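The values are calculated or read from the model by the stated rules, or taken from the named source; none is laboratory data. Every value quoted in this text rests on a predicted model; they were computed, and no experiment measured them. So basically every Cβ, Gly included, is an ideal-geometry build from the backbone, and we count neighbours across all protein chains shown. Note: accessible area is taken over every heavy atom of the protein model, side chains too, but ligands, DNA and RNA are not part of it. Shrake-Rupley method; radii C 1.70, N 1.55, O 1.52, S 1.80 Å.
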Amino acid sequence: MPRYEYRCRTCDDTFELSRPMAESSAPADCPSGHADTVKLLSAVAVGGSSSAPAPAARAMGGGGGGCCGGGGCG
């Protein structure tokens, strides 16, 4: 189940809730009982440690080279 992060506007506390995606925009009370909360935008990190180019770049010849694809314009 996804976790969502919220901030209470009354006490400035930040807290997380696990809830179904269908309820992600439903109101959430802070642990202190305040109802004036806002859902925070979470940054999703998709990491990788490979230094190899992405599959699409390999299929197209490796990328780079600007407008002429690395062939030396002019």
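In a fully extended conformation the segment linking LEU41 and SER25 would gain 4.6 nm over its present Cα-Cα distance, using 0.36 nm per residue. Quick check: net charge around THR10, other residues with Cβ under 11 Å of its Cβ, Lys/Arg +1 and Asp/Glu -1? Once positives and negatives cancel, what remains is -2. Please work out how much accessible surface ASP36 shows to a 1.4 Å probe, ignoring ligands, DNA and RNA, in Å² rounded to 10. Surface accessible to solvent at ASP36 totals approximately 70 Å².
Ranking of THR14, THR37 by solvent-accessible surface, largest first: THR14, THR37 (1.4 Å probe, protein heavy atoms only, all chains present). May I ask for the net charge around SER32, where only other residues with Cβ less than 14 Å from the Cβ of SER32 are counted and Lys, Arg are +1 while Asp, Glu are -1? Here the charged neighbours net out to -2.
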